[in-house]
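Worksheet: the structure to be examined is printed underneath.
The values are calculated or read from the model by the stated rules, or taken from the named source; none is laboratory data. All of these numbers come straight from a predicted model, not from anything done at the bench. Here the Cβ positions follow ideal geometry from the backbone for every residue, glycine too, while neighbour counts run over all protein chains shown.
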Amino acid sequence: MSVSVYIPTPFRHLVGNRASVHARGANVMEALSDLDTQFPGFNAQLMDAQGHLARHINVYVNQVEIENLQGAATPLNDGDEIAVIPALAGGAGPTVMTPEMVDRYSRHLIMPQVGSAGQRKIIESSALIIGAGGLGSPVALYLALAGIGKIGIVDFDVVDRSNLQRQILHVTDSIGIPKVDSAKARLNAHNPNVEVVTHEEPITSDNAFEIIGQYDYVINGADNFATRYLVNDACYLLKKPLIDGSILMFDGQATTYLPGKGCYRCLYPAPPPPGMVPSCAEAGVLGAMCATIGSIQATEVLKLILGVGEPLVNRLLLYDALSLEFRVVKVRRDPECPLCGDNPTISELIDYEVFCGAPIPHREAPFGG
Amino acid sequence: MAITVRIPQPLRGLTGNLSTVDASGADLSGCISNLEATYPGMQQRLMDETGQIRRFVNIYVNGDDVRFLDGLGTALKDGDEVSIVPAVAGGS
């Protein structure tokens with residue numbers, strides 16, 4: 001019988017840092033022995049001196065603890081899923097889905113591409129969203145609904161009435177309160193299982209590493225070029241996947257950067273001079289555009305977490321809402337790129353306000369003025 | 001020689017709001033000159049003072065970035081599709 005075995009974080013170093021491995025055996029004990037053959041030392045973590053499962057280890061077959069089945073002799077069928085869950089004292093424990101979660105995520109759980117192993121990966125993942133605005137709103141909402149364990153939100157701004165035409169994280173009663181607080185309340189109202197961490201400050205060269213370093217995935221919903229180059233550079237230097245999106249009027253763009261496979265600088269080596277490309281504040285944006293591009297960004301994050309499908313890597317998706325056309329052009333890693341090229345010259349964060357000739361917006365000048 | 005050129009929103013003021021226009025030219029440079037003749041101002045939006053493609057504007061021929069082809073010298077033929085894609089920072 002071939003079964004999949006979910007490996008919790010504390011044991012992953014034993015299995016090549018994988019979250020799931022395959023094992024063979026007619027029952028649980030045989031499968032665990034097979035794992036020990038594949039990954040010597042594995043059973044030493046699970047068994048006591050008598051060769052019994054240690055008491056701080058729970059083993060589940062298809063989400064049922066084996067003490068409720070036939071213990072180590074529990075028979076296995078092809079395709080069964082075993083989970084090995086150690087009790088941990090405090091901190092981020094192993095993910096055991098509560099009945100509430102099983103109910104909540106049932107439409108995920110029934111899909112073979114997600115299942116309980118995939119849902120646990122989602123729950124154990126974290127994502128940082130740059131900007132709780134037009135793009136950040138749908139991204140944050142869909143990731144929270146999907147059950148991402150920790151969502152960080154960076155935004156220094158307060159909710160303005162003019163945001164409400166498109167920023168679905170905020171409501172009329174939120175006007176005047178910090179966007180991160182409005183976002184946290186809305187996200188937790190949708191899914192109280194999600195830990196929402198608020199970073200109420202502009203992201204800058206001084207704090208970018210410290211903030212981005214806390215998360216697995218970064219989603220860009222920034223509204224200015226300086227922040228986009230900053231986030232790009234920080235993500236590459238920290239080896240974090242960056243899921244990028246931008247919108248203007250009726251146009252949208254989206255792409256995913258995986259470290260070493262091209263970056264924002266490969267796509268656009270330099271920003272436009274100030275005033276050359278208008279911002280949403282200057283040219284406007286159709287509110288519903290945010291949902292299209294933001295939803296694609298959220299989908300990309302979930303695909304990366306689940307390891308399914310083809311990520312939007314080395315491809316730039318162009319969305320023209322007026323003609324209702326989606327097109328894809330190629331993104332290549334540029335060997336000449338100063339950040340991720342063959343002879344990089346950027347090895348630390350630079351002054352992005354100088355690079356872009358425009359300030360990073362902050363509370364006193366939210367549009368960079 | 002008919003080449004289809006896709007015009008991004010910020011440049012449609014020059015094309016009477018057309019999202020695609022026809023142009024001709026044996027290479028990209030010729031195509032831009034032809035666009036400039038029909039839609040004055042286009043060349044200045046796409047190229048800098050030194051005659052190079054602006055670094056925040058990408059031009060694709062059949063989905064390939066011309067920076068990785070022959071730049072302005074990229075050869076064009078009947079039926080090719082040229083896409084102009086400027087960097088856009090909007091997210092809020």
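Scanning segment A:1-47 for residues that are on the phi > 0 side of the Ramachandran plot and buried (at least 18 other Cβ atoms within 10 Å of the Cβ) returns a single hit, A:G25.
Conditions tested, residue by residue: (1) crowded, with 20+ Cβ neighbours inside 10 Å; (2) in contact (Cβ under 8 Å) with a residue 24 or more places away in the chain; (3) under 23 Å from the mean Cα position of the chain (by Cα).
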| site | (1), (2), (3) |
| --- | --- |
| A:N314 | no, yes, yes |
| A:L322 | no, yes, no |
| A:V331 | yes, yes, yes |
| A:E353 | no, yes, no |
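Checking each residue in segment A:143-175 for being surrounded by 18 or more Cβ atoms within 10 Å (Cβ to Cβ), among the basic types (K, R) and either out of contact with any helix residue (DSSP H, G or I) (no Cβ under 6 Å at 6 or more places or on another chain) or farther than 22 Å from A:L286 by Cα (or both) picks out only A:K150.
Among residues of segment B:40-66 that are on the phi > 0 side of the Ramachandran plot, those with a Cβ under 7 angstrom from a residue that is surrounded by 14 or more Cβ atoms within 10 Å (Cβ to Cβ) and of a type in the set (D, E, K, R), sequence gap 6+ or separate chain, pair up as B:N62/B:D80; B:N62/B:E81; B:G63/A:K330. I'm trying to understand the selection: among the residues of segment B:53-80, which are in a strand (DSSP E or B), within 12 Å of the chain's Cα centre (by Cα) and facing another protein chain (nearest Cβ under 9 Å)? Residues satisfying the conditions are B:V57, B:N58, B:Y60, B:D65. With respect to being touching a Ser or Thr at 6+ places or on another chain (Cβ under 8 Å) and aromatic (F, W, Y), A:Y105 falls outside the description. Selection of segment B:35-51 for residues being within 11 Å of chain A (Cβ to nearest Cβ) and more than 21 Å from A:A283 (Cα to Cα) yields only B:D48. Looking at the structure I just gave you, is A:A44 modelled with pLDDT of 90 or more and either closer than 16 Å to A:G79 by Cα or part of a helix (DSSP H, G or I) (or both)? No.
Among the residues of this structure, A:V301 counts as one that is buried (at least 21 other Cβ atoms within 10 Å of the Cβ), of a type outside the set (D, E), in contact (Cβ under 8 Å) with a residue 60 or more places away in the chain and more than 12 Å from every other protein chain (Cβ to nearest Cβ). Under the condition of being among the aromatic types (F, W, Y) and more than 7 Å from every other protein chain (Cβ to nearest Cβ), which residue from segment A:216-251 is farthest from A:R166 (Cα to Cα)? By that ranking, first place goes to A:Y236. Only one entry of A:P269, A:P274, A:P338, A:P278 meets the criterion of being touching a Lys or Arg at 6+ places or on another chain (Cβ under 6 Å) and surrounded by fewer than 20 Cβ atoms within 10 Å (Cβ to Cβ), and that entry is A:P269. Of the listed requirements (1) touching a strand residue (DSSP E or B) at 6+ places or on another chain (Cβ under 9 Å); (2) in contact (Cβ under 8 Å) with a residue 24 or more places away in the chain; (3) surrounded by fewer than 18 Cβ atoms within 10 Å (Cβ to Cβ), A:V59 misses just one: (3).
The sole residue among A:A92, A:A23 that is of a type outside the set (K, R), at pLDDT 80 or above and in contact with a helix residue (DSSP H, G or I) (Cβ under 9 Å, 6 or more places away or on another chain) is A:A23. Here A:F156 fulfils each of the conditions (1) farther than 24 Å from A:T204 by Cα; (2) assigned to a loop (DSSP other than H, G, I, E, B) apart from (1). With the condition kept exactly as written, say whether any residue in segment A:250-258 is in contact (Cβ under 8 Å) with a residue 12 or more places away in the chain, charged (D, E, K, R), within 21 Å of A:S323 (Cα to Cα) and buried (at least 21 other Cβ atoms within 10 Å of the Cβ). Yes, because at least one residue in segment A:250-258 is in contact (Cβ under 8 Å) with a residue 12 or more places away in the chain, charged (D, E, K, R), within 21 Å of A:S323 (Cα to Cα) and buried (at least 21 other Cβ atoms within 10 Å of the Cβ). For segment A:312-339, filtered to residues that are more than 13 Å from chain B (Cβ to nearest Cβ) and touching a strand residue (DSSP E or B) at 6+ places or on another chain (Cβ under 9 Å), the residue that is farthest from A:F250 (Cα to Cα) is A:V313. The strands (runs of 3 or more DSSP E) falling completely within segment A:55-139 that include 1 or more residues that are farther than 26 Å from A:L32 by Cα map to A:126-130.
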